[in-house]
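Data first, discussion second: the structure below is written as structure tokens.
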Amino acid sequence: MAQPIRQVLYPEVDFNDTRPYAFALTYDKVREGAGHLVLHSHKTGLIGMQVSGGYFGVELASEHMAVPVNTAVWVPPDVPHCTTQCHSCTSICLHVAPEVAKAFLPDHPVRWVVNSLTREMIRHFARVWQTTERSLTARRLASFIVQELKESPLVTDDFARYRFSARL
């Protein structure tokens, strides 16, 4: 019997589900110098990704995580954090609904290695979300992004943990 050409990876995911997977979006660009927010928290989870340029990182109460271009960072709901950007960095942050964060994503901060397709989906979502006013298409795309990141490999603990690390 012939083997299928492709295998459905997430058969349990209902892409007609209209829960608000990501209900807010920030798209930041720091032109010169550095942008740094004070330590704060949200009732939502946060997925942060550098789009282009400079440096993007997330500071937590206990550590600093560099977020290179090929990675994304996850900060669960109610975890104090702040973002750091400099040298003409552009970043995207998706705010994930608390019920989705608790059901599908880790309960501690992590960094994922993001493949090119997922990265482009996030960039496309940033454009679609701003123009479709939370259409069903945008919600389906947000759902798919959450599922993709959930299955992405984690960045090892010793990679680019500190911005002045000898490994950088």
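None of the figures in this text is laboratory data; all of them are computed from the coordinates on show. No experiment lies behind these values; they were computed from the predicted model shown.
With 0.36 nm allotted per residue and the present C-alpha distance subtracted, the E151-L117 stretch has 10.9 nm of extension available.
Taking amide H atoms as placed 1.01 Å from N in the peptide plane, the amide H of L46 lies under 5 Å from those of V75, V96, each 5 or more residues away in sequence or on another chain.
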